[in-house]
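Written out below as structure tokens is the structure these notes cover.
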Amino acid sequence: MFLRKVVNNAKRLAPNIRTMASQGPLVDLTVDNDGVSIMTMQRPPVNSLNLDLLRELSKSLDEVAKNKSRGLILTSSSPTVFSAGLDIMEMYKPDFKRAEEFWTTLQDVWFKLFGSNFVTAAAINGHAPAGGCLLAMSCEYRVMVQGKFTIGLNETALGIVAPTWFMDTMCHTIPMREAEYALTTARMFTVDEALKIRLIDESAADKADAITKCKSFIKKFERIPPLARSITKQKIRQAPIKNLQDNRKADSEEFLAYVKNPKVQQSLDMYIQSLKKKA
Amino acid sequence: MFLRKVVNNAKRLAPNIRTMASQGPLVDLTVDNDGVSIMTMQRPPVNSLNLDLLRELSKSLDEVAKNKSRGLILTSSSPTVFSAGLDIMEMYKPDFKRAEEFWTTLQDVWFKLFGSNFVTAAAINGHAPAGGCLLAMSCEYRVMVQGKFTIGLNETALGIVAPTWFMDTMCHTIPMREAEYALTTARMFTVDEALKIRLIDESAADKADAITKCKSFIKKFERIPPLARSITKQKIRQAPIKNLQDNRKADSEEFLAYVKNPKVQQSLDMYIQSLKKKA
Amino acid sequence: MFLRKVVNNAKRLAPNIRTMASQGPLVDLTVDNDGVSIMTMQRPPVNSLNLDLLRELSKSLDEVAKNKSRGLILTSSSPTVFSAGLDIMEMYKPDFKRAEEFWTTLQDVWFKLFGSNFVTAAAINGHAPAGGCLLAMSCEYRVMVQGKFTIGLNETALGIVAPTWFMDTMCHTIPMREAEYALTTARMFTVDEALKIRLIDESAADKADAITKCKSFIKKFERIPPLARSITKQKIRQAPIKNLQDNRKADSEEFLAYVKNPKVQQSLDMYIQSLKKKA
């Protein structure tokens, strides 16, 4: 079709929009001079995803959906960890009301990130195991800082089964054969390995370089009418999204049954005691 | 199983069949001396897919299904364009009856090409954006002529969302991750890029070379019983086919709603005026 | 999540378990000193999968599910053939009761191998066409001995359509585009070709080397809690498994209709006569 650069152009963004900032204690959201939203997780020491951090992420994603920025870059304030994944303390002797909200908020964050109508990129400036890898894979583009950092869904190493939508998100990113091997062996990929398999799209010298490269990706959409772009993205991501929408309640119940299991609590107890001894 | 070269051999084709030709104004169908159907789109200047061209393609595909040739090669009479995709004039202030027939004929062409029981190959001798890329991807094999030609589903650049079955056809050809990136960024691949990602299977020096290479592909099936071959092809292509069969009406209605949208008509009007000024 | 090495560790295996052996005439099952089950097909000359071999495979797979070994390696006693696939004599003028049992036993073997809760690897020490390739692809890892051996689903060359679950198993292993090409052209891959496309994971100098490499793969799971591992595997393999579960009866009926077809019997008769003449 030859209908170039016309439809939806009304929605095209002005080159400079006012810099906005929304600073919660755990997530810093800034729209920088290039009109790009930078969302920084800042829950020391390792950005463990507890209910509070997830709530702030969810709220910040709502803001980006409204702030008319050119796109979102997700990153971390830590020099070594992007995000260590779900916070184990949300599962240890939890209040079940809170545990349920913890899980549904995690689902919300995924819906809002994986299915967003804005452009998303991850500047992965540190380790990204489990839930950290999920957040990165939910973006449309991934740039990872060179170094000893690793990324992967390593749940099985922890005796945990990644939920189906974690798996779906991985199979949307890398080939099925690679995903099965990675998921069952709890494989953590180095930057070079992740590049080769296309779990990440580019490597970077440092965080600033990663953000620059994410911006180059976002810039690719400068001349793409945003409505056509976002519907196209949501259509090709439709199967995993529909899959969780249809099974959302069962997925929550599965998580609750897991944390209510006395054996799981016993294991968590042992693990936490061993951490305390170390410390 | 050791049941070699026996079953269905009754259906094996004679090495030389009479040369047939069916020349419409817009599609030339010839069975050449090797018993291969050559279907040439010839609607100058750029093989825009209007209702008339689609009707002739549909009719020609019916003929190939009956002509007992060894297979089909789809190509273009233009030295620079394989097909520029859907003709915008079918969407601009259309008669709605005709617009509906335009769309259902496009669906028909896809069903007959993507789901054909005969072997199909595309000799891509020029640019193949959008609908041109769809036709090429619907074949089983793609050879593209080296040069400055490009191929891809670039609908988003035009403010358009490719229908789900366009996306399904792409995901049947290249990995999901590559398809998402290509579809959202409206990526047009050079020949080398298309080769690397396997969007095409081979490159060629010129049109004659492309046709020779397509014939080599078709020749691979010389000793494969054709019924087993065609059922196997249709089985592995079943999911996208069933998907459109089940949603055919909704898909047409979506297209009609699109062309009935005043904003779309306004955009088309602006675009056509700008073309006239250029000319 | 930071719940490392705790949950399910109760199920961790002791490093040395007693060596068990179950020797049927057609399948040798041994648990070796490393605690790995070695399942050897030994039906000369080419491990054609007849009802008796399939029954023994099915029974042996049940034993492995119970023997608490570290994992399974599937291999062949022949120096040149892993398995030649389904035995044509089970289809030639069959007793229909037996033909039905033949097919449902094949389905059982696939369910037990593809969906097993234990780790599986194939030491492919010879040719692996059709059903032989299916068995290898149903494992989680494939090591193939270098030489003139080939592997692939070549059913179409024999005038046969591979069942949907054969195709699903292939699409779980290699990209869709490659699977379509391989299935329709009846492609038999050399070891190098299979490696490149990741139809196999490693090549080996000889059978002993192949088994050593399979063991290295199995060893990767030493520190992975087995329950989390097996549920993860079964979840990512769920779609093909559910697909056959839901269509199991229709799949059997399709096979029976095939062998009841007089034309098929006539072809088989011609083929078998030609074999006799050769011999």
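The values are calculated or read from the model by the stated rules, or taken from the named source; none is laboratory data. Computed from a predicted structure; not experimentally measured. With ideal geometry, Cβ positions are generated from the backbone for all residues, glycine too; neighbour counts draw on all protein chains shown. All accessible areas refer to the heavy atoms of the entire protein, side chains included, with ligands and DNA or RNA removed. Shrake-Rupley method; radii C 1.70, N 1.55, O 1.52, S 1.80 Å.
Overview of values
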{"quantity": "Filtered residues of segment B:206-255 (kept if under 17 Å from residue C:157 (Cα atoms) and out of contact with any helix residue (DSSP H, G or I) (no Cβ under 8 Å at 6 or more places or on another chain))", "calculated": "B:217, B:218, B:219, B:222, B:230, B:231"}
{"quantity": "Members of segment A:227-279 that are out of contact with any Phe, Trp or Tyr (no Cβ under 9 Å at 6 or more places or on another chain), farther than 23 Å from residue A:171 by Cβ and among the hydroxyl-bearing types (Ser, Thr, Tyr)", "calculated": "A:267, A:274"}
{"quantity": "Candidates B:74, B:61, B:53 - the one that is open to solvent by less than 10 Å² (accessible area, probe 1.4 Å), outside any strand (DSSP E or B) and under 18 Å from residue B:130 (Cα atoms)", "calculated": "B:53"}
{"quantity": "Check on residue C:94, open to solvent by 10 Å² or more (accessible area, probe 1.4 Å), away from every other protein chain (no Cβ under 14 Å) and outside any helix (DSSP H, G or I)", "calculated": "no"}
{"quantity": "Residues that are among the aliphatic types (A, V, I, L, M), assigned to a loop (DSSP other than H, G, I, E, B) and open to solvent by 10 Å² or more (accessible area, probe 1.4 Å), drawn from segment B:82-91", "calculated": "none"}
{"quantity": "Residue tally, condition open to solvent by 20 Å² or more (accessible area, probe 1.4 Å), within 14 Å of chain A (Cβ to nearest Cβ) and without any contact (Cβ under 8 Å) to a residue 12 or more places away in the chain, over segment B:176-198", "calculated": "3"}
{"quantity": "Qualifying residue in segment B:170-181 (condition: more than 25 Å from residue A:220 (Cβ to Cβ), at pLDDT 95 or above, among the aliphatic types (A, V, I, L, M) and in a loop (DSSP other than H, G, I, E, B))", "calculated": "no"}
{"quantity": "Matching residues in segment A:27-40 - criterion: being out of contact with any Leu (no Cβ under 7 Å at 6 or more places or on another chain) and surrounded by 20 or more Cβ atoms within 10 Å (Cβ to Cβ)", "calculated": "A:29, A:31, A:36, A:38, A:40"}
{"quantity": "Scope segment C:142-153; condition crowded, with 24+ Cβ neighbours inside 10 Å and either farther than 19 Å from residue B:224 by Cα or not aliphatic (A, V, I, L, M) (or both); matching residues", "calculated": "C:142, C:143, C:144, C:152"}
{"quantity": "Where residue A:159 falls short, out of the listed (1) closer than 20 Å to residue A:237 by Cα; (2) within 13 Å of chain C (Cβ to nearest Cβ); (3) buried (at least 22 other Cβ atoms within 10 Å of the Cβ)", "calculated": "(1)"}
{"quantity": "Check on residue B:239, assigned to a helix (DSSP H, G or I), under 30 Å from residue B:99 (Cα atoms) and within 11 Å of chain C (Cβ to nearest Cβ)", "calculated": "yes"}
{"quantity": "Test: residue in segment C:242-252 that is within 14 Å of chain A (Cβ to nearest Cβ), within 20 Å of the chain's Cα centre (by Cα) and open to solvent by less than 50 Å² (accessible area, probe 1.4 Å)", "calculated": "no"}
{"quantity": "Members of segment C:253-279 found to be among the aliphatic types (A, V, I, L, M), open to solvent by 100 Å² or more (accessible area, probe 1.4 Å) and assigned to a helix (DSSP H, G or I), listed by number", "calculated": "C:270"}
{"quantity": "Scope segment B:144-156; condition within 11 Å of chain A (Cβ to nearest Cβ) and either within 15 Å of residue B:242 (Cα to Cα) or not in a helix (DSSP H, G or I) (or both); matching residues", "calculated": "B:153, B:154"}
{"quantity": "Residue that is open to solvent by 40 Å² or more (accessible area, probe 1.4 Å), touching a residue at least 60 places away in the same chain (Cβ under 8 Å) and under 30 Å from residue B:258 (Cα atoms), where the choices are B:164, B:169", "calculated": "B:164"}
{"quantity": "Selection status of residue A:203, assigned to a strand (DSSP E or B) and either in contact (Cβ under 8 Å) with a residue 24 or more places away in the chain or out of contact with any strand residue (DSSP E or B) (no Cβ under 8 Å at 6 or more places or on another chain) (or both)", "calculated": "yes"}
{"quantity": "Residue check for residue B:201: within 11 Å of another protein chain (Cβ to nearest Cβ), closer than 22 Å to residue B:125 by Cα and of a type in the set (Asp, Glu)", "calculated": "yes"}
{"quantity": "Among the residues listed as A:114, A:102, the single one being crowded, with 19+ Cβ neighbours inside 10 Å, away from chain C (no Cβ under 14 Å) and aromatic (Phe, Trp, Tyr)", "calculated": "A:114"}
{"quantity": "First in segment A:211-224 and within 12 Å of chain B (Cβ to nearest Cβ), second anywhere and open to solvent by less than 70 Å² (accessible area, probe 1.4 Å) and of a type in the set (Ser, Thr, Tyr), Cβ under 6 Å, 6 or more apart", "calculated": "A:217/A:141; A:220/B:185; A:224/B:156"}
{"quantity": "Members of segment B:206-229 found to be outside any helix (DSSP H, G or I) and surrounded by fewer than 16 Cβ atoms within 10 Å (Cβ to Cβ), listed by number", "calculated": "B:206, B:222, B:223"}
